[in-house]
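Below: one structure, written as structure tokens.
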Amino acid sequence: MKLKSLLLRYYPPGIMLEYETSGELKTKCIDLLNLSPSTDVNALVEEIQKAEPVITASRSDQVKLLLRRLQDKLRQHSNHQFYLFKVLRAHILPLTNVALNKSGSCFITGSYDRTCKLWDTASGEELHTLEGHRNVVYAIAFNNPYGDKIATGSFDKTCKLWSVDTGKCYHTFRGHTAEIVCLSFNPQSTLVATGSMDTTAKLWDIQNGEEALTLTGHLAEIISLSFNTSGDRIITGSFDHTVAVWEAETGRKVYTLVGHCAEISSALFNWDCSLILTGSMDKTCMLWDAANGKYVATLTGHDDEILDSCFDYTGKLIATASADGTARVFSAATRKCIARLEGHEGEISKISFNPQGNRLLTGSADKTARIWDAQTGQCLQVLEGHTDEIFSCAFNYKGNIIITGSKDNTCRIWR
């Protein structure tokens with residue numbers, strides 16, 4: 001076994017090893033989820049070398065340098081003030097969703113006008129209009145981290161795969177018998193999964209455009225769907241009050257998470273795939289052991305439906321957004337509420353951490369998005385200007401650009 005190169009991964013912090021074994025080039029990732037600016041680098045290098053003998057003593061200084069660069073990155077952007085950079089009158093009818101590519105160099109908007117548009121973030125220029133759907137374009141995604149393909153899911157019951165470069169349609173995936181409302185690429189970008197009002201999810205092969213699998217078993221529409229970090233499991237949340245976890249290769253149902261007493265609004269794995277977080281219209285979130293599907297805890301405190309929930313990249317913090325107009329931050333370890341985010345005057349439909357995990361972004365029906373300190377719950381900034389409710393907002397990978405999408409038919413770039 002021979003180490004060829006070491007690469008950095010900034011969020012979440014990690015080092016990628018490229019090594020050769022019996023003539024084959026392989027990669028392995030060392031996750032450093034507990035790294036902080038105060039971590040003792042020398043001690044950590046010793047620990048890594050014990051676990052990974054392929055990193056020999058001659059590489060120690062190089063690893064120390066990489067770790068210090070990761071620490072520098074963790075200190076950056078923490079006090080970034082955002083300013084309105086551009087207002088894009090994106091579509092003639094309301095938007096449904098916005099999504100950024102990994103670098104934040106471009107983003108996409110879906111709309112009731114049956115199109116998806118691709119935009120250049122730096123200039124605010126429209127790069128392509130993706131036309132061909134016969135109804136609302138509702139679910140949209142880039143195949144991050146690659147960012148060379150876009151998937152669009154529509155109320156016309158089809159999903160389309162597009163080239164970012166040319167705007168041409170590679171494939172139209174047909175097979176669902178009702179509206180497609182959620183979709184996701186697997187991390188390897190070999191499959192796209194779609195969830196539909198027809199109660200099924202389908203996996204499609206990106207290369208040949210064929211249907212690979214259908215996941216059947218839910219009794220109502222699937223409204224949330226995502227892959228785990230390695231791409232071997234897929235999680236679906238349904239209006240039947242349950243969440244199911246499936247093997248991505250075979251379509252076998254691994255287990256069903258039963259416990260919520262109303263529709264599911266979100267379901268996702270944390271980064272190291274040890275926990276599953278589910279949010280529901282029953283005003284609670286639940287945590288589950290991803291290894292066996294066993295119930296772990298219920299996160300309570302909201303007075304109305306949970307509309308969105310998420311982990312930070314390290315999986316240590318959980319954020320919840322509710323129709324009660326507040327958001328909360330919980331510790332994944334203690335399951336205690338550590339911060340309450342109060343100030344919005346309408347329901348909060350979207351919440352996300354910045355990559356560094358020290359800021360939260362919320363989008364609300366009160367026409368504003370807000371940035372919060374994730375530890376204290378203090379509101380640091382109000383992003384004002386939209387004239388109707390904000391239903392979509394996102395950070396880029398570096399955490400220094402924000403896109404907001406609103407029912408006022410515009411999206412705004414903040415940087």
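In this structure, is THR56 without any contact (Cβ under 8 Å) to a residue 24 or more places away in the chain and in contact with a Leu (Cβ under 9 Å, 6 or more places away or on another chain)?
no
Against the condition out of contact with any strand residue (DSSP E or B) (no Cβ under 9 Å at 6 or more places or on another chain), open to solvent by 80 Å² or more (accessible area, probe 1.4 Å), among the hydroxyl-bearing types (Ser, Thr, Tyr) and under 25 Å from GLN375 (Cβ atoms), how does SER38 come out, does it pass?
yes
Go through the stretch 368-406 and count every residue that is assigned to a loop (DSSP other than H, G, I, E, B) and either surrounded by 20 or more Cβ atoms within 10 Å (Cβ to Cβ) or of a type in the set (A, V, I, L, M, F, W, C) (or both).
6
Which one of THR300, THR278 is under 23 Å from SER352 (Cβ atoms), touching a Cys at 6+ places or on another chain (Cβ under 9 Å), without any contact (Cβ under 8 Å) to a residue 24 or more places away in the chain and not aromatic (Phe, Trp, Tyr)?
Being under 23 Å from SER352 (Cβ atoms), touching a Cys at 6+ places or on another chain (Cβ under 9 Å), without any contact (Cβ under 8 Å) to a residue 24 or more places away in the chain and not aromatic (Phe, Trp, Tyr) holds for just one of THR300, THR278, which is THR300.
Among the numbered criteria (1) open to solvent by 40 Å² or more (accessible area, probe 1.4 Å); (2) within 23 Å of the chain's Cα centre (by Cα), which single criterion is violated by SER224?
For SER224, the exception is condition (1).
Tell me whether the stretch 253-268 contains one or more residues that are under 20 Å from PHE185 (Cα atoms) and assigned to a loop (DSSP other than H, G, I, E, B).
No.
I need a count of the residues in the stretch 184-208 that are open to solvent by less than 20 Å² (accessible area, probe 1.4 Å) and either in contact with a Cys (Cβ under 6 Å, 6 or more places away or on another chain) or over 18 Å from GLU249 (Cβ atoms) (or both).
3
Counting only residues that are more than 18 Å from the chain's Cα centre (by Cα) and open to solvent by less than 50 Å² (accessible area, probe 1.4 Å), how many does the stretch 249-273 have?
The total comes to 7.
If you check GLY343 against the conditions, is it in contact with a Lys or Arg (Cβ under 7 Å, 6 or more places away or on another chain) and modelled with pLDDT of 95 or more?
Answer is yes for this residue.
Pull up the stretch 274-287, narrow it to residues that are in a strand (DSSP E or B) and open to solvent by 10 Å² or more (accessible area, probe 1.4 Å), then point me to the one that is farthest from VAL245 (Cα to Cα).
The qualifying residue farthest from VAL245 (Cα to Cα) is MET286.
Could you give me the residue pairs with C-beta distances under 6 Å whose first residue belongs to the stretch 200-211 and is farther than 19 Å from PHE227 by Cα, whose second residue is aromatic (Phe, Trp, Tyr) and open to solvent by less than 20 Å² (accessible area, probe 1.4 Å) wherever it lies, and which are 6+ apart or on separate chains?
none
Within the group GLY343, GLY325, which residue is open to solvent by 20 Å² or more (accessible area, probe 1.4 Å), out of contact with any Pro (no Cβ under 7 Å at 6 or more places or on another chain), over 20 Å from GLY399 (Cα atoms) and among the small types (Gly, Ala, Ser)?
None of the others qualify; the one that does is GLY343.
Considering only residues that are in a strand (DSSP E or B) and touching a His at 6+ places or on another chain (Cβ under 9 Å), which ones fall in the stretch 206-236?
THR236
The values are calculated or read from the model by the stated rules, or taken from the named source; none is laboratory data. These numbers were taken from a predicted model, which means no experiment stands behind them. Because the Cβ atoms are built from the backbone with ideal geometry, glycine has one as well, and the counts that use them run over all protein chains shown. For accessibility, only protein heavy atoms count, side chains too; no ligands or nucleic acids. Shrake-Rupley method; radii C 1.70, N 1.55, O 1.52, S 1.80 Å.
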